[in-house]
1. Calculate how steeply helix 102-121 sits against the longest principal axis of the alpha-carbon atoms of the chain, using the helix alpha-carbon long axis, and give the answer as 0 to 90 degrees to the nearest 10.
2. Computed over the Cα atoms of the chain, what is the convex hull's projected area averaged over all directions, in nm²?
3. Report, as a whole number in µm² per second, the diffusion coefficient that Stokes-Einstein gives for region 177-310 at 37 °C and 0.692 mPa s using the Kirkwood radius over alpha carbon pairs.
4. Each label point is 7 Å from the Cα along the Cα-to-Cβ direction; what then is the distance between the points at TYR283 and TYR181, in nm?
5. State, to one decimal in nm, how far the label point of LYS138 lies from the label point of LEU223, with both points 7 Å from Cα in the Cβ direction.
6. Rounded to the nearest 10 degrees, what's the angle between the helix 3-16 long axis and the longest principal axis of the chain, both from Cα atoms, 0 to 90?
7. Starting with the fewest neighbours, write out TRP256, TRP107 ranked by other beta-carbon atoms found within 10 Å of each beta-carbon.
8. Which of LEU227, ALA261, GLY279 sits closest to the plus end of the dipole of the chain, meaning its Cα is farthest towards the positive end, when Lys and Arg get +1 and Asp and Glu get -1 on the C-beta?
Amino acid sequence: MGKQDYNFAQTIKAFFIRKLPEDYLTHPQGSSLTHQTLNSSTTEIRTLTLTERFQRVSMIIHDIDQRFPTKKEHANAPIDKEKISDEIAALNKISSTLQFSERYNNWIKIITKLALTDLYQSTEAAEYISNWKKLSQKDTQKFLKLNHHFIISNVKRMLGKNTDLAKHIREDRVFLYHESYQKNPDTNEARILRGIANIGSNIWPGSNGIHINTHPDSRFQNLACALDVIFHESVHIIEGQIGYAYRYSSPIVPDWLKQDAALIVERDSNNAYIPTRMGNSYYKQFNEVLAHQIGQFVNQTINLTPPAPL
Ligand SMILES: [Zn+2]
């Protein structure tokens with residue numbers, strides 16, 4: 001087992017094997033919470049605290065996990081969505097009340113445009129791009145890392161280079177892996193993980209790594225798709241590091257970011273990340289909404305002309 005395989009295995013493990021919250025047994029089970037959620041209005045759900053809402057998400061996820069245990073060979077294969085349609089509807093209803101602020105979303109969009117501008121102006125990047133289809137694994141890794149660098153350096157720039165939070169933000173490592181679709185044998189529905197970044201706010205910044213799937217099934221050979229995925233995962237890295245800063249040294253997080261940082265920390269404290277196998281509820285959770293938007297923006301922009309000035 002190579003070093004990269006080891007890191008990937010560790011990441012996957014941390015990502016998919018969630019522990020039950022300590023007070024799991026003293027809470028109503030997920031199935032009754034699903035119905036309680038479906039019978040409440042969104043306004044009523046908004047009156048619950050962040051913790052209560054993420055706990056509810058966590059309970060519903062654990063209820064699904066218990067009924068449809070993860071199989072090691074296809075940990076991400078989608079569960080038959082007909083069988084969990086109530087749970088998906090309930091999760092989506094709660095998620096609609098747990099979204100990043102407009103200000104945070106726009107801030108990340110500005111960082112993305114600045115990073116794309118750096119990419120367009122970089123002779124090093126131009127070299128990699130002109131040889132894209134022929135790049136060695138090592139150069140592919142370097143190119144992805146360069147893009148990650150453009151993103152992180154613009155996060156620091158936007159925060160103000162000498163601020164405490166900017167000093168805390170670090171670039172992460174980039175690894176490659178190769179993995180095909182994972183299929184649910186009952187429904188034949190397949191899903192592929194195009195990349196992975198452990199997004200926990202309890203992970204030491206820069207210690208975790210981004211893992212990018214270079215398998216042809218992931219459309220990685222298409223430059224726009226490769227950039228889509230490195231930007232997507234980098235958005236998660238920013239999220240994890242802001243969450244970490246807020247969790248362990250909240251005074252360094254500027255006031256305007258605190259509400260969004262609290263969202264990240266509360267999700268992690270309650271083990272409430274919705275896994276890919278749970279239908280479209282995965283796409284509707286706040287951090288995936290943003291990461292997918294950014295990835296798609298990059299994907300659509302990259303084939304066109306340089307981004308419009310800010
Ligand atoms: Zn994601």
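1. 20 degrees
2. 16.6 nm²
3. 202 µm²/s
4. 1.6 nm
5. With each label point 7 Å from Cα toward Cβ, the separation is 2.3 nm.
6. It is inclined by approximately 30 degrees.
7. Working: TRP256 11, TRP107 19.
By the 10 Å Cβ count, ascending, the order reads TRP256, TRP107.
8. Among LEU227, ALA261, GLY279, the one farthest towards the positive end of the dipole of the chain is LEU227.
No value in this document is a laboratory result; all are computed from the given coordinates. Everything numeric in this text was worked out from a predicted model, so none of it was measured. Don't worry about glycine lacking a Cβ; one is built from the backbone with ideal geometry, like all the others, and counts go over all protein chains shown.
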